[in-house]
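Just so it is clear, none of the values below were taken in a lab; they were calculated from the coordinates. On a predicted model such as this, the values are computed, not experimentally measured, just so you know. So basically every Cβ, Gly included, is an ideal-geometry build from the backbone, and we count neighbours across all protein chains shown.
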Amino acid sequence: MSAALVVVGGPSGVGKTTVGELLASALNVPFCDADDLHSAENITRMRAGVGLDDTARAPWLARVGGWLAEHQQEGGVVACSALAERYRETLLAAAPQVRFAMLRADVGELAARLEQRQGHFMAPELLGQQLALYEPPGSGEAAAEFDAGPDPRVTASRVSEWLAACQPSSCD
C-alpha cells in the first residue's frame, strides 16, 4: 500500500501551508506548496487583485496534479486551494488515491489573517471571490472538512487521525 497522498485545501489565509507542513512532517512525506507552482502571469494577476479564471488555473492545476502523480508511491502533502469540485476532480484524475482535507474558518478570521500576512502575492480583496467559488466536499468525494482553529497543530492532528481512519475509497 502506498503512503498517504493529501491535498490540504481551502481559501487563502485558512492555514493550508502551515497545516500541510505539519502534516507532511508527521507523516514523514514530502510537502509542496502549490503557490510555488503558479506561473509568473498568475502571480502578477493575483498581486494586482485580479482573480484567476478556469483558463488561467488549468495549467497550474496540471502542475499540481503532476506533483501528486510523481509522489503516488512515497506519498506527499500539497497545500492547494482546490476550492471547486471540478478542481478536485482534476487532481484526482492525476492521482486517484489523493484525499482532500478542506480547511474552513469564518470570513472575519480569514480577512484578519490576510491583512496581517506579509510578502504573499494573494491580494486580500480576492477573498470574496474564493469564498464564492468554494464548494464543500460532496459525500462521494474522498474528502472531509476541518475547522482551522487557532492552533494549526490541533488541525494537523485531526487530519492525521482522519487519514488513519479512512479508506481511500470512502473517507467521508
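For the range 34-39, 3J(HN,Hα) computed residue by residue from phi via the Karplus equation (6.51, -1.76, 1.60; θ = phi - 60°) reads 4, 4, 6, 9, 5, 6 Hz, glycine and proline entered as x.
The C-alpha radius of gyration of the range 5-165, expressed as a fraction of 2.2 N^0.38 Å, stands at 0.96. In percent, rounded to a whole number, the relative contact order of the chain is 34, using alpha-carbon pairs under 8 Å and six or more apart. Extension gain for the segment THR55 to ASP147, taken as residue separation times 0.36 nm less the Cα-Cα distance, is 30.1 nm to one decimal.
Kindly put SER160, SER12, SER25, SER81 in sequence by how many other C-beta atoms sit within 10 Å of each C-beta, fewest to most. List each step's numbers first, then the result.
Details: SER160 17, SER12 23, SER25 12, SER81 26.
Ranked by crowding around the Cβ, least crowded first: SER25, SER160, SER12, SER81.
Between the residues SER12, ALA111, HIS38, the greatest Cα displacement towards the positive end of the dipole of the range 5-165, with unit charges on the Cβ of Lys, Arg, Asp and Glu, is found for HIS38. Stokes-Einstein diffusion of the range 1-76 at 4 °C, 1.567 mPa s viscosity, Kirkwood radius from Cα pairs, rounded to a whole number: 96 µm²/s. 5 Å is the cut-off here: which amide hydrogens, built 1.01 Å from N in the peptide plane, fall below it relative to ALA82, excluding neighbours closer than 5 in sequence? HN-HN under 5 Å from ALA82: GLY10. Amide H to amide H, with H built 1.01 Å from N, ALA143 comes under 5 Å of PHE100, CYS171, ASP172, counting only residues 5 or more places away or on other chains. Subtracting the Cα-Cα distance of ALA40 and ALA93 from 0.36 nm times their residue separation leaves 16.6 nm of extension gain.
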